[in-house]
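Note sheet for the following structure.
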Amino acid sequence: QVQLVESGGGLVQPGGSLRLSCAAPGSIFSIYAMGWYRQAPGKQRDLVAAITTGGSTNYAHSVKGRFTISRDNAKNTVYLQMNSLKPEDTAVYYCNGGLGGINYWGKGTLVTVSS
């Protein structure tokens, strides 16, 4: 069973920063694009950021300039650096590994932005 394991969520004040991490099996990480999605209460799960094996990235418009996705191929880990956090960034953040319609998901980590 493929496991993606997220960490780094928590409570942060508006304007603060958090870094999420997601560790994946090497067999997945080496060939799959990796991404972060989020789901707020009562809303659908949406893409936040994604990165290909070659390092190309794309971001949701709402997080451009504030969030940065990166991957460490030696550690089979993908990161999401989140700066200038806003209350509307509050959600459960899910790590995803996707290739050709096949998707693997982590269990999610909660990020709460509140004063």
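Here are the numbers for this structure:
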item	result
Most mobile of 65, 55, 101 in a GNM of the chain (Cα contacts under 10 Å)	101
CD proxy at 222 nm, helix term only [per DSSP H run n ≥ 4: -39500 (n - 2.57); per residue of the chain; nearest 500]	-500 deg cm²/dmol
Modelled FRET efficiency - R0 30 Å, residue 88 with residue 3, Cβ distances, 0.05 increments	0.50
Gain in span if fully extended, residue 110 to residue 62, counting 0.36 nm per residue against the direct Cα distance	15.4 nm
At most 13 other Cβ within 10 Å, DSSP loop - trypsin sites (Lys or Arg not before Pro), the stretch 8-95	43, 64, 75
Net dipole in debye of the chain [+1 Lys, Arg Cβ; -1 Asp, Glu Cβ; about Cα centre; nearest 20]	60 debye
Spatial extent of the chain: Rg and Dmax, with the Cα atoms as the point set, Å	13.2, 41
Relative contact order, percent, the chain [alpha-carbon distance under 8 Å, six or more residues apart]	37 percent
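The numbers here are math on the coordinates, done by the rules we state, and not lab data. Keep in mind it's a predicted model, so treat the numbers as computed, not measured. Virtual Cβ from ideal backbone geometry, glycine too; neighbours counted across all protein chains shown.
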